[in-house]
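The values are calculated or read from the model by the stated rules, or taken from the named source; none is laboratory data. As the structure is a prediction and not an experimental result, all values here were calculated from the model. Heads up, the Cβs are rebuilt from the backbone with ideal geometry, glycines too, and the neighbour counts pull from every protein chain shown. Please note that ligands, DNA and RNA were not included when accessible areas were found on the heavy atoms of the full protein model with its side chains. Shrake-Rupley method; radii C 1.70, N 1.55, O 1.52, S 1.80 Å.
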Amino acid sequence: MTDLDAVQQRLGLDFRQPDLLRHALTHRSSLNEDPDITEDNERLEFLGDAVIDFITTTMLFDYFPELDEGELTRLRSTLVCTEQLSNLARSFNLGDALLLGRGEAETGGRERDALLCAAFEAMVGALYL
């Protein structure tokens, strides 16, 4: 099991509902292996993606009044791409905290960009809630 206190310390955050953080770190591959896990992080990922896009869009809109819609869109897509978000996840060692099924863990899931990006987005969704 993931040490949620250690994760929160690395993040510099204190979740009022630590179960949301656990939920954000739960990959769907763990569902079949642990009967206590009933939900993966995909819905939180969906929410977090929207929150990240909204915050990034607002900041770019405010900081770059001279840019048109197309330029703002290109800049946002550069900032919130899988590579950038997975690097942010790595900076907090989220890969170590992911709840993965054995197969996913054994095939390098903790380092896979897509999984790290999804976990970061899910964590943002959990923070939003």
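Summary table
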| quantity | calculated |
| --- | --- |
| From the options D49, D62, D68, D14, residue that is acidic (D, E) and at pLDDT below 95 | D14 |
| Qualifying residue in the stretch 28-46 (condition: open to solvent by 70 Å² or more (accessible area, probe 1.4 Å) and touching a Ser or Thr at 6+ places or on another chain (Cβ under 9 Å)) | yes |
| Search result, residues across the stretch 33-46 that are among the polar types (S, T, N, Q) and modelled with pLDDT of 95 or more | N41 |
| F15, sole failed condition from (1) open to solvent by 70 Å² or more (accessible area, probe 1.4 Å); (2) under 14 Å from L127 (Cβ atoms) | (1) |
| The lone exception for R102 - which of (1) under 18 Å from V7 (Cα atoms); (2) open to solvent by 70 Å² or more (accessible area, probe 1.4 Å); (3) of a type outside the set (A, V, I, L, M, F, W, C) it fails | (1) |
